[in-house]
Amino acid sequence: MSTSGPPPGSKPGAPAEAGAASGLGPPSRPGARSGSGGASAELDWDRAVALIREAGEICLACHVVPDGDALGSMLALAQALRACGKRCLASFGEPFGVPAILRFLPGQEMLVEPARMPRAPELMISLDAAGRARLGSLAGAADRARALIVIDHHASNTGFGGVRLVDPDAAATAVLVEELIRRLGVPLDRDIAQGLYAGLASDTGSFKYPSTTPEVHDLAGRLLTAGVRPETVSRELWDRAPFDYLQVLAGALARARLERDAAGGRGLVWTAIAREDRRGLPYEQLEGIIDQLRRTDEAEVAVVCKETDDGRWYFSARSKGHIDLSRVCAALDGGGHREMAGFVWGGPVDEALDRLRALLPSDH
């Protein structure tokens, strides 16, 4: 999922395209995501493969404050491109630092600080970013790139990029990256599969969200066959935390508030974590708190308001399926998926909560 960091921008970039469609690459495998289930799917596989074949150097960028799908998909693709003999750089906008829970992912030797990325790349590939602003300080490089391929699965995608591999029906950006790797003729090894599995597991909530289809399990099976150990990925993503996290979690749950009448009587539960509440715990360590709050039986919507190091507030929102949070958060300059979304707020947290309540459906 990609609901961390700054909100998507409203101005899509449309850099000039290089190369022409050449028909390279085999057709979709039976059961692979084709995009036929979503009217807004755009899957220009032939042009994407042709651009990659023709490029000498390829720059990859995922959204700021990357999650498992963003970083896992990017590192998997970076390793596949290296296997194709391509010069490849991978990065994400500031703050530049791999979250602790993702430091187990292979391929991080290919990461460079955003300042080391070319100002105007020959070919740039954006991963898991719903809008150009989600690329942070690398948005300008995306605008200036001779060609820009966008790989994403967010329904809130703004339509930026010259060549688009965008399917809102895909469970994760990793699903689309796996298909691209297959079309490039690169076999899955354990390291490539590890990144893809981390992305798939992250955005399906460890295979418990409605996006978990038979095709998702088919893909997971192929990744396990390539050597992924699911217990390793699960432990790193969900089953470990420093002791300070337990204290921060306890405080966040103690401050939680249940508003039974909100969302047309479906209920809202929320909590806030200010910088001083973190007790020095890095912001990235707060990601799992929303999963505890969303268990509340009496609330359709759960929200965690987290103050970032620069004083802004990031709102992580979850629903149980009756309310489309991607629309709610898009109205607040954010985005995401129906059941998982978020936005950033620069003002008082109470003001943002008031606006959020007003946007939730008033009918049951």
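A few remarks follow.
- Put a plus charge on the Cβ of each Lys and Arg, a minus charge on the Cβ of each Asp and Glu, and nothing anywhere else: the dipole of the chain about its Cα centre is then about 420 debye.
- Cα shape, the stretch 57-205, gyration tensor, a/c 1.5 rule: rounded
- Over the Cα atoms of the chain, the radius of gyration divided by the Kirkwood radius equals 0.96; this is the Rg/Rh ratio.
- Under the criterion of Cα pairs below 8 Å and six or more residues apart, the relative contact order for the chain equals 18 percent.
- Considering only 125, 74, 56, and ranking their Cα positions along the charge dipole of the chain that arises from unit charges at the beta-carbon of Lys, Arg, Asp and Glu, the one farthest toward the positive end is 56.
- For the stretch 244-364, a crude dipole built from +1 on the beta carbon of Lys and Arg and -1 on the beta carbon of Asp and Glu, taken about the Cα centre, is about 200 debye to the nearest 20.
- Prolate/oblate/rounded label for the stretch 208-315 (Cα gyration tensor, a/c 1.5): oblate
- Among 155, 268, 308 the positive-end extreme of the charge dipole of the chain (Cβ point charges): 155
- For the chain, the longest principal axis of the C-alpha atoms and the axis of helix 214-225 are separated by about 70°.
- Highest-MSF residue in the chain out of 202, 91, 137 [GNM, Cα springs under 10 Å]: 137
- Once both labels are positioned 7 Å from their Cα atoms along Cα-to-Cβ, the gap between residue 84 and residue 115 label points is 3.1 nm.
- Compactness index (Cα Rg / 2.2 N^0.38 Å), the stretch 149-286: 1.32
- Amide N proximity, the stretch 148-188 versus residue 53 label position 7 Å along Cα-to-Cβ, cut-off under 11 Å: 184-185
- For residue 338, the residues whose amide H sits under 5 Å from its own are 326, ignoring neighbours fewer than 5 places away on the same chain, with H placed 1.01 Å from N.
- If R0 is 35 Å, the Cβ-Cβ spacing of residue 144 and residue 312 corresponds to a FRET efficiency of close to 0.80.
- Of all accessible heavy-atom area on the chain, the percent that carbon and sulfur account for (1.4 Å): 48
- A probe of 1.4 angstrom, applied to the heavy atoms of all protein chains, finds residue 322 with accessible area near 120 square angstrom.
- Per residue, the accessible area of the stretch 155-291 comes to 42 Å² when a 1.4 Å probe rolls over the protein heavy atoms.
- Distance cut-off 13 Å, percentage of C-alpha pairs in the stretch 114-170 lying past it: 54
- Once the Cα atoms are used to define both axes, helix 190-203 deviates from the longest principal axis of the chain by about 40 degrees.
- Shape of the stretch 38-93, Cα gyration tensor, a/c cut at 1.5: oblate
- Trypsin sites (Lys or Arg not before Pro) within the stretch 148-242: DSSP coil, no more than 15 neighbouring Cβ in 10 Å: 208, 240
The values are calculated or read from the model by the stated rules, or taken from the named source; none is laboratory data. Keep in mind the model is a prediction, meaning the values are calculated, not measured. Reconstructed Cβ throughout: ideal geometry from the backbone, glycine too, with neighbour counts over all protein chains shown. The protein model used for the area step is the full one, side chains on, heavy atoms only, and it has no ligands, DNA or RNA in it. Shrake-Rupley method; radii C 1.70, N 1.55, O 1.52, S 1.80 Å.
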